[in-house]
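Shown next, in structure tokens, is the structure this report addresses.
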Amino acid sequence: MKRHRSSDDTALAQIWRDAWASANPDISTVAPLEHWVERVRLELGPPNLVLAHRHDGHLVAFGVLDVNAAYLHQLHVAPSAQGRGIGGMLIGRVKELCPTGWALHVAVSNERAQRFYVRHGLTAGQTTPNPITGRKRILYSWRS
């Protein structure tokens, strides 16, 4: 796992877009790649730490962690790399960086992600609307 390099912006955006589309099959229109590149440039900088995973020299997964707030903003694995334990490795790294606990939100519609986080020891909490999209989301937390 390595930190984010600006030369990786397009690769990170492609993973984010593909993983988001895979997790949201009910949404027929996915924003163009340029939208996701812009989000990478705006959201993946300080104070957030970007944890990236490469396979054969190619980025296949990343997480965005605010260590000070103990909050995982994003965790995405390219659909072609899912099911190989990469997401679990990233979760392990988050647990190392936030050993007393951390949290994240998961869309109510993303049942696969919910099962993944429960398998990795997180507990579901309050359901609230996303302040930007209005879609319902569940707060998941992990405590040591």
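Under 11 Å from the Cβ of Leu122, count the other residues' Cβ atoms, weight Lys and Arg +1, Asp and Glu -1, and hand me the total. Net charge around Leu122: +4. Annotation for Arg54 and Asn130: the two label points, set 7 Å from Cα along the Cα-Cβ direction, are 3.0 nm apart.
When a 1.4 Å probe is rolled over the protein heavy atoms, the share of accessible surface on segment 32-141 that falls to carbon and sulfur comes to 54 percent. Along segment 112-127 the Karplus relation, 6.51 cos²θ - 1.76 cosθ + 1.60 evaluated at θ = phi - 60°, assigns HN-Hα couplings of 4, 5, 4, 4, 4, 5, 4, 4, 9, x, 8, 10, 6, x, 5, 9 Hz to successive residues, with x for each Gly and Pro. Here the chain yields Rg over Rh of 0.93, to two decimals, using C-alpha coordinates and the Kirkwood radius. Think of the chain as a dipole: +1 on every Lys or Arg Cβ, -1 on every Asp or Glu Cβ, centred on the Cα centre; then among His105, Val118, Ala52, Val118 lies furthest on the positive end. The amide H of Gln74, built 1.01 Å from its N in the peptide plane, has Val64 as neighbours under 5 Å, considering only residues 5 or more places off or on other chains.
Close amide H pairs (under 5 Å, H built 1.01 Å from N) link Arg137 with Val108, Thr128, Asn130, residues at least 5 positions away or on another chain. Charges were assigned to the Cβ only: +1 to each Lys and Arg, -1 to each Asp and Glu. The resulting dipole of segment 22-137 about its Cα centre is roughly 300 debye.
Each Lys or Arg adds one and each Asp or Glu subtracts one; over the other residues with Cβ under 14 Å from the Cβ of Thr133, this totals +3. When both segment 82-144 and segment 4-59 are represented by their alpha-carbon centers, they are found 18 Å apart.
The values are calculated or read from the model by the stated rules, or taken from the named source; none is laboratory data. Since we're looking at a predicted model, the values are computed, not measured. Here the Cβ is made from the backbone with ideal geometry for all residues, glycine too, and neighbour counts use every protein chain on show. To get the accessible areas, we keep the full protein, side chains included, count just its heavy atoms, and leave off ligands, DNA and RNA. Shrake-Rupley method; radii C 1.70, N 1.55, O 1.52, S 1.80 Å.
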